[in-house]
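Participant: If you scroll down you'll find the structure; I have some questions about it.
The values are calculated or read from the model by the stated rules, or taken from the named source; none is laboratory data. A quick note: this is a predicted structure, and the numbers were derived from the prediction, not measured. Ideal geometry is used to build each Cβ from the backbone, glycine not excepted, and the neighbour counts take in all protein chains shown. Keep in mind that these areas ignore ligands, DNA and RNA; they rest on the heavy atoms of the full protein, side chains included. Shrake-Rupley method; radii C 1.70, N 1.55, O 1.52, S 1.80 Å.
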Amino acid sequence: VGMHNCLSIPFDDLLANGFNTRQADVRPANSINTAFQLVAVIFQLQSLQQFGGVAATHLDWTMVPYVRKSFAKHYKDGMLYIENTIWELPHDVTNISISDMPTYLYDMFPKAYKYAMDMTEKECQQAVEGMYHNLNTLQSRSGNQLPFTSINYGTCTLPEGRMVIKALLDGSIKGVGKLHKTSIFPCGIFQLGKGINRKPEDPNYDLYQLALKSTAKRLYPNYAN
């Protein structure tokens, strides 16, 4: 089916706007968990329509809005069940960074904030683990191999992007299944850049070190200079 080969998928648009399949239409993602589930679904769907691999070019940047959406939902729950206060979500939470929220939200409601951060990190870790397991169990159209998938990450220095990168690397190190086997797919590709993660003073240098640990144990990620 098809003559094209080895494509990068426009995940930013597909997750933000939703997409259609032959059988149904899919609504836009509204949480980090749903976003990672849809990444696996989209990878699978596209792999059935072409030859060769499919890739995400900057998965850490792609997932930033959905980390923010999950954080806002958890913060709202924290305000309701911890502070007994109804907190109305901003009109568009994807434009508000976790680190840029009004100071009074930190100062006046630290318990709700900590609850939201803890739950968002937990959700992100579980979402990544789900993606790894999905991409190591879904079958290609030949029925006896996995879709060849690649994910690129490493350059997002926003707190949301860093959370995603760390979750991806921790999931790689942990492995899949009860025996914690090395995840064959997706191929991880850590993007290196000057002023981003190459030197100790760079904001994502700690994640580069974690990537090296993952490579030493799991062969992935590879590196793009």
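Participant: Could you list, in sequence order, all residues of the range 116-161 that are over 14 Å from Ser70 (Cα atoms), part of a helix (DSSP H, G or I) and not hydrophobic (A, V, I, L, M, F, W, C)?
Facilitator: Hits for the range 116-161 are Glu129, Gly130, Tyr132, His133, Asn134.
Participant: Filter the range 42-60 for residues that are in a strand (DSSP E or B), within 15 Å of Leu14 (Cα to Cα) and open to solvent by 10 Å² or more (accessible area, probe 1.4 Å) and give the result. Write out each step before concluding.
Facilitator: Filtering the range 42-60 for residues in a strand (DSSP E or B) gives 51-56.
Within this subset, residues satisfying the condition of being within 15 Å of Leu14 (Cα to Cα) are 54-56.
Within the range 42-60, just Ala55 meets the criteria.
Participant: Just checking, how many residues over the range 156-172 are polar (S, T, N, Q) and surrounded by fewer than 19 Cβ atoms within 10 Å (Cβ to Cβ)?
Facilitator: Step one: filter the range 156-172 for residues polar (S, T, N, Q), giving 157, 172.
Okay, now just the ones that are also surrounded by fewer than 19 Cβ atoms within 10 Å (Cβ to Cβ), so 157.
Within the range 156-172, residues that are polar (S, T, N, Q) and surrounded by fewer than 19 Cβ atoms within 10 Å (Cβ to Cβ) number 1.
Participant: Separate question: Of (1) touching a residue at least 12 places away in the same chain (Cβ under 8 Å); (2) in a loop (DSSP other than H, G, I, E, B); (3) over 22 Å from Met131 (Cα atoms), Arg22 satisfies all except one. Which?
Facilitator: All conditions pass for Arg22, except number (1).
Participant: Further question on the same structure: Search the range 213-225 for residues being farther than 22 Å from Ala40 by Cα and out of contact with any Phe, Trp or Tyr (no Cβ under 9 Å at 6 or more places or on another chain), and hand back the single one that is surrounded by the fewest Cβ atoms within 10 Å (Cβ to Cβ).
Facilitator: By that ranking, first place goes to Asn225.
Participant: Also: Within the range 64-81, is there a residue that is surrounded by 15 or more Cβ atoms within 10 Å (Cβ to Cβ), within 21 Å of Asn134 (Cβ to Cβ) and of a type in the set (A, V, I, L, M)?
Facilitator: yes
Participant: What's the number of the only condition in (1) in a loop (DSSP other than H, G, I, E, B); (2) out of contact with any helix residue (DSSP H, G or I) (no Cβ under 9 Å at 6 or more places or on another chain); (3) more than 26 Å from Ser99 (Cβ to Cβ) that Lys194 fails to meet?
Facilitator: Here Lys194 meets the rest and fails (3).
Participant: A further question on this structure: Collect the residues in the range 107-140 that are within 16 Å of the chain's Cα centre (by Cα) and among the basic types (Lys, Arg), keeping them in residue-number order.
Facilitator: Listed by number, the list holds a single entry, Lys122.
Participant: How many residues does the range 188-210 contain that are open to solvent by 40 Å² or more (accessible area, probe 1.4 Å) and without any contact (Cβ under 8 Å) to a residue 12 or more places away in the chain?
Facilitator: Number of matching residues: 9.
Participant: Could you please let me know if Asn152 is modelled with pLDDT of 90 or more and under 11 Å from the mean Cα position of the chain (by Cα)?
Facilitator: Values: modelled with pLDDT of 90 or more: yes; under 11 Å from the mean Cα position of the chain (by Cα): yes.
It is true that Asn152 is modelled with pLDDT of 90 or more and under 11 Å from the mean Cα position of the chain (by Cα).
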